[in-house]
Structures are given as structure tokens and as C-alpha cells.
1. Residues that are more than 16 Å from ligand 2 (Cβ to nearest atom) and in contact with a Lys or Arg (Cβ under 8 Å, 6 or more places away or on another chain): find the helices (runs of 4 or more DSSP H) completely inside segment 102-204 holding 3 or more of those.
2. Does Val142 satisfy the condition of being buried (at least 18 other Cβ atoms within 10 Å of the Cβ) and either within 13 Å of ligand 1 (Cβ to nearest atom) or over 19 Å from the mean Cα position of the chain (by Cα) (or both)?
3. Kindly indicate whether Thr11 is more than 25 Å from Val166 (Cα to Cα) and either more than 13 Å from ligand 2 (Cβ to nearest atom) or not in a helix (DSSP H, G or I) (or both).
4. Counting just the residues of segment 59-74 that are farther than 15 Å from Val120 by Cα and touching a residue at least 24 places away in the same chain (Cβ under 8 Å), which one comes out farthest from ligand 2 (Cβ to nearest atom)?
5. Please specify each residue of segment 46-55 satisfying the condition of being buried (at least 24 other Cβ atoms within 10 Å of the Cβ) and near ligand 1 (Cβ under 6 Å from one of its atoms).
6. What are the residues in segment 158-194 that are of a type outside the set (A, V, I, L, M, F, W, C) and within 16 Å of ligand 1 (Cβ to nearest atom), if any?
7. Regarding Leu134, is this residue closer than 26 Å to Leu20 by Cβ and away from ligand 1 (no atom under 13 Å from the Cβ)?
8. Restricting the first residue to segment 119-133 and requiring it to be over 22 Å from Val33 (Cα atoms), which pairs with a second residue that is basic (Lys, Arg) meet a Cβ separation below 8 Å and a spacing of at least six or different chains?
Amino acid sequence: MHKITHISMETDVLAENRHLAEHNLERLRGSSVRSVDVMGTTGAGKTSLIIALSRMLMARGLRVAAVAGDVTGQDDYDRFQAAGVRAYNLNTGKECHLDANLLDRTLDGIDLLAVDFLFVENVGNLVCPADFPLGTDKRMVVISVTEGDDMVRKHPMIFQGADIAVMNKMDLASYMGIDVERVKADYRRLSGGKELLPVSVRTGDGLEALADRLLG
Ligand SMILES: Nc1nc2c(ncn2[C@@H]2O[C@H](COP(=O)(O)OP(=O)(O)OP(=O)(O)O)[C@@H](O)[C@H]2O)c(=O)[nH]1
Ligand SMILES: [Mg+2]
């Protein structure tokens, strides 16, 4: 009995989140804002990547904003602001993922008509964000060569639910001795043929192709 109550409560939470995510997507598209939920491991380079991509999109004439999602603090928010990316801080308190309700409330404070592209940096981990779509156009997962070559196999859910998967810090690949081809093959198998994008924020490799994917 207890177990059944628990399951139905969980279903309600996920259903409510999906409903709110649809509302967010309508709201964003209604203001012609394109958006991406940037998920990934802690320290994979989500903030660094968003800053680099924002600069590229701004150079292409787009007005960019970023939501800095974290459990606590404003480190990423400060980095976005310092890099000239208009930013909004979003702390979950203790939750290990953003959710559609939190994003909805954050959107209340954003002049969406003054934004063409919105990055939403999720809390860093490959587990919790998987179940909670936010209502962005795309979901992207970022991992890096320092986490090893088994991330796709260990966390299939988040990769299955993502439109784009990125492996960052390719400049360190040879030092880490990582088998990148193995990760690519895992992702290809899991996603039904999609390609993992290797990038390096440090060298800029792969970033233009990624910016094209985000806008495509
Ligand atoms: N060598 C190398 N270091 C990188 C690269 N991209 C990011 N870093 C470094 O990796 C560290 C973590 O980067 P962040 O951008 O803070 O990572 P994050 O995923 O936003 O981290 P959290 O928000 O804490 O989960 C920083 O020291 C970055 O300078 C890269 O392509 N190559
Ligand atoms: Mg970050």
C-alpha cells in the first residue's frame, strides 16, 4: 500500500512537470526564443561551453541569455555576467535538478522579447535532470574526457532523452588515455545512430559545428 502511494505521487510529480514544461515551451516559442537545457556531469565544462557558444551566437547577431542553475551560490552566474552574457541565477536549495516550475518562475523575471537564444544550465549530474524536461527546444548532455569512457553505458536515460550529446575537453584526451571511439559507439547504439560531438572549449575545436546544431 505504502509503495503504491509512493508510485502514484511520483507519477503525479512527473506528469505535472511535463505539463508545465509544455507551458514553458509555448511561452518561449511564443516570444520566438530558442532554448537549450544544458545537462551534464559536474565540472564537464557546461558553464565554459555556454560562454563560448554565447559569444559565437552573439557574433551571429543573436541576443543571448543564460540561466545559471545550481544547488546554491552564484559562481556560474558571476562568470556569465563577467563574460558579457546576460544571466539569471537559479538555486534549487537542495534538489539535484532544475524543474519546469523553477524555470517558469525564472522566466517571469526575463524580458523574453529581448532574447533570441536562452541557455539553461542544469545542476551538474547525469541522474536527476533526466526525468525533468524543462520545456526547452533542445536538451544537451555534456560530458568530458576526464570522466572515463563508460558514461553513456552507466547513464543511458539522460542520453536517450537528449537531442545533442557532447564530449568536452578533447585537448586532454591523450593525457587521459580515454577511448573516445568507444564512447561514440555507445552513444550511436543507444541513440539509434546519432553522433556524439567531440569538442574542446580550450582550443575551440568543434564549437562552430555545435553552434550550428543548436540553431538547426
Ligand atoms: N582542459 C580543458 N579544461 C576545460 C575545458 N572546458 C572547461 N574546462 C575547465 O574545466 C573546469 C570546469 O568547467 P566549468 O565550465 O565550471 O564546468 P561546469 O560543468 O559548469 O561545472 P559545474 O557547474 O560545477 O557542474 C574549469 O576549470 C574549466 O576551465 C576544456 O575544453 N579543456
Ligand atoms: Mg557550471
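Bear in mind that the values in this text are calculations on the coordinates, not laboratory data. Just so you know, these numbers come straight off a predicted model, no measurement behind them. All Cβ positions, even for glycine, are placed from backbone atoms using ideal geometry, and neighbour counts span all protein chains on display.
1. Answer list for segment 102-204: 180-191.
2. yes
3. yes
4. Here the residue is Arg60.
5. Within segment 46-55, Lys46, Thr47 qualify.
6. Asn168, Lys169, Asp171, Ser174, Tyr175, Gly177
7. Considered against the rule, which asks whether it is closer than 26 Å to Leu20 by Cβ and away from ligand 1 (no atom under 13 Å from the Cβ), Leu134 comes out as yes.
8. So the pair list comes out as Gly124/Lys46; Leu126/Lys154.
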